[in-house]
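See structure below.
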Amino acid sequence: MIKVKNLVKVYGEGDSAERAIDDITLEIPEAKFVAIMGKSGCGKTTFLNLIGGLDYPSSGEIFCKGIRLNDLSNNQLSDYRNKNIGYVFQDFYLEPSFTTLENVEMPLIIAGMPKKERRQKAIELLNRLGLEDKIHKKVNTLSGGQKQRAAIARALVHSPSIILADEPTGNLDSKNGAEVIAILKQISLEGKTVILATHNKEDAMKADYIIELVDGRVSKRTEADHEEK
Ligand SMILES: Nc1ncnc2c1ncn2[C@@H]1O[C@H](COP(=O)(O)OP(=O)(O)O)[C@@H](O)[C@H]1O
Ligand SMILES: [Mg+2]
């Protein structure tokens, strides 16, 4: 469970100060697929970065799995991220000169996992995501959809409980975009909390809950009423 209480993030000071997140209070249950929807500049990325422990709030509180993130030092936050958070980005952020396997293994190398074990984990995920024939290819030879699937494998490889996906379909055509959203949905069904930031209503509609932001505030909450569940 993720809980945020009176969350505020201000960028800048004095006259140029801007409230990117402006008093948000909400709870996100475990193992759900939640969409944070809104126009560019409404605060989606800022919100994900706060939940993901990449930044500190200006005021208000964030609790993730009972941990109050406000209380953590920089090192503790980095530890929190490594244990709990998988990030997926619009631009993939893969290392182009590395193979797909090397990219997916990277978080486990950082975590100090022995080679045999980490290789096995990475290959298992790449197989699951339909990239078995791309394992030893340089990642810059992959299509956009394949790159994003590789990035999802990398986000999952250290078994985080929370996946944060920031406009993950932004650089994909609609077919590959729909596939990425379906994978995120599946990940939530397997017990992970998935938070998707998107300005795309069609993508958001696939989530269990939609939280709409306008100017850093929650303007609307919708519980999806899917025909097929
Ligand atoms: N590092 C930053 N410094 C100053 N202003 C920022 C920074 N990051 C975001 N902002 C501002 O905060 C607001 C919310 O941005 P962001 O969270 O990136 O929105 P979104 O992801 O919905 O497009 C925007 O007005 C943006 O210009
Ligand atoms: Mg953004």
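The values are calculated or read from the model by the stated rules, or taken from the named source; none is laboratory data. For clarity, every value in this text was computed on a predicted model and none was experimentally measured. Here the Cβ positions follow ideal geometry from the backbone for every residue, glycine too, while neighbour counts run over all protein chains shown.
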For this session: Restrict the check to segment 32-42 and report whether at least one residue is surrounded by fewer than 13 Cβ atoms within 10 Å (Cβ to Cβ), within 16 Å of ligand 2 (Cβ to nearest atom), assigned to a loop (DSSP other than H, G, I, E, B) and at pLDDT 95 or above.
Result: yes
Exercise. If you check LEU54, LEU94, LEU50, which single one turns out to be among the aliphatic types (A, V, I, L, M), within 12 Å of ligand 1 (Cβ to nearest atom) and within 24 Å of ALA150 (Cβ to Cβ)?
Worked result: LEU54
Exercise. Restricting the search to segment 6-20, which residues are farther than 16 Å from ARG221 by Cβ, in contact with a Gly (Cβ under 9 Å, 6 or more places away or on another chain) and either away from ligand 1 (no atom under 11 Å from the Cβ) or among the hydrophobic types (A, V, I, L, M, F, W, C) (or both)?
Worked result: ASN6, VAL8, ALA20
Exercise. For segment 171-229, list the strands (runs of 3 or more DSSP E) that sit wholly inside it and hold at least 1 residues that are under 14 Å from the mean Cα position of the chain (by Cα) and more than 16 Å from ligand 1 (Cβ to nearest atom); which are they?
Worked result: 193-198
Exercise. Quick one: is ASP91 in contact with a helix residue (DSSP H, G or I) (Cβ under 6 Å, 6 or more places away or on another chain), within 16 Å of ligand 2 (Cβ to nearest atom) and among the acidic types (Asp, Glu)?
Worked result: no
For this session: Residue by residue through segment 12-29, note down the ones that are under 15 Å from THR46 (Cβ atoms) and in contact (Cβ under 8 Å) with a residue 24 or more places away in the chain.
Result: ARG19, ALA20, ILE21, ASP22, ASP23, ILE24, LEU26
